[in-house]
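Below is one structure, written out as structure tokens; comments come after it.
We did not get these values from a lab; they are worked out from the coordinates using the rules stated. Just so you know, these numbers come straight off a predicted model, no measurement behind them. Using ideal geometry, Cβ is built from the backbone for each residue, glycine included, and neighbour counts are taken over all protein chains shown.
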Amino acid sequence: MKLLEIIPARSTSKSIVGKMVDVGERILGKGVVFAKDTPNFIANRIGSFAIAIVIKTMVEDGYRIEEVDQITGPAMGRPKSATFRTADMVGLDVMAHVTKNLLENLPEKEKVYFQPASFLQQMVKNQWLGDKTKQGSIKG
């Protein structure tokens with residue numbers, strides 16, 4: 001990924017932050033953004049929210065995984081991995097862990113969006129975790 005999130009603490013010296021930005025940009029070739037110390041920072045929180053909304057809509061409206069990925073990939077300007085192929089690459093267990101972290105740490109009004117779908121909970125229970133187990137939302 002191009003993104004590097006830097007989350008300085010109040011006690012982090014400006015020179016250390018500056019060195020981290022330099023290493024991130026110059027040596028690692030990253031685009032640096034600064035974030036607050038919040039649950040899952042920026043990219044994971046936005047990505048998790050996007051996936052959660054897609055899955056919630058899929059379940060409520062009766063879409064199939066293939067239909068969701070057809071809609072949430074290049075058709076809307078996103079990578080061809082779309083929603084569920086991305087989930088398989090990340091790992092459904094990792095997705096479940098990120099969601100659990102959000103549920104434990106977000107304000108009550110935001111938790112409604114991150115309730116895990118029962119079919120994903122069952123897949124994790126079955127150890128159908130995506131690419132790492134060669135079974136997942138696309139391969140399962």
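Summary of computed values
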| quantity | calculated |
| --- | --- |
| Cα pair distances of segment 75-120 binned at 5 Å [whole percent] | 5, 20, 22, 20, 18, 12, 3 |
| Charge-dipole axis of the chain as Lys and Arg at +1 and Asp and Glu at -1 on Cβ define it, positive-most pick from Val68, Met20, Phe84 | Met20 |
| Value of D in µm² per second that Stokes-Einstein yields for the chain, Kirkwood Rh from Cα pairs, at 4 °C (1.567 mPa s) | 78 |
| Charge dipole magnitude, Cβ of K and R +1, D and E -1 - the chain, Cα centre, debye nearest 20 | 420 |
| Of Lys30/Lys132; Lys56/Lys80; Lys2/Lys134; Lys14/Lys111, those spanning more than 31 Å from alpha-carbon to alpha-carbon | Lys14/Lys111 |
| Kyte-Doolittle mean at least -0.5 and Cα axial length at least 15 Å: DSSP H helices in the chain | 43-61, 92-105 |
| Point-to-point label distance, Tyr113-Ala35, nm (Cα→Cβ direction, 7 Å offset) | 1.5 |
| Helix-derived mean residue ellipticity, 222 nm - over the chain, DSSP H n ≥ 4, -39500 (n - 2.57), to 500 | -14000 deg cm²/dmol |
| For the chain, built as a Gaussian network whose Cα springs stay under 10 Å, the top-fluctuating residue of Ser118, Ser48, Ser15 | Ser15 |
| Once the Cα gyration tensor of segment 43-125 is diagonalised, semi-axes √(5λ) in Å | 20, 14, 13 |
| For Gln135, distant residues with modelled amide H under 5 Å away | Leu129, Gly130 |
| Stretch gain in nm, segment Gln121-Val59, where the contour uses 0.36 nm per residue and the Cα spacing is subtracted | 21.0 nm |
| Highest-fluctuation residue, Phe84, Phe34, Phe114 considered, GNM on the chain with Cα pairs under 10 Å | Phe34 |
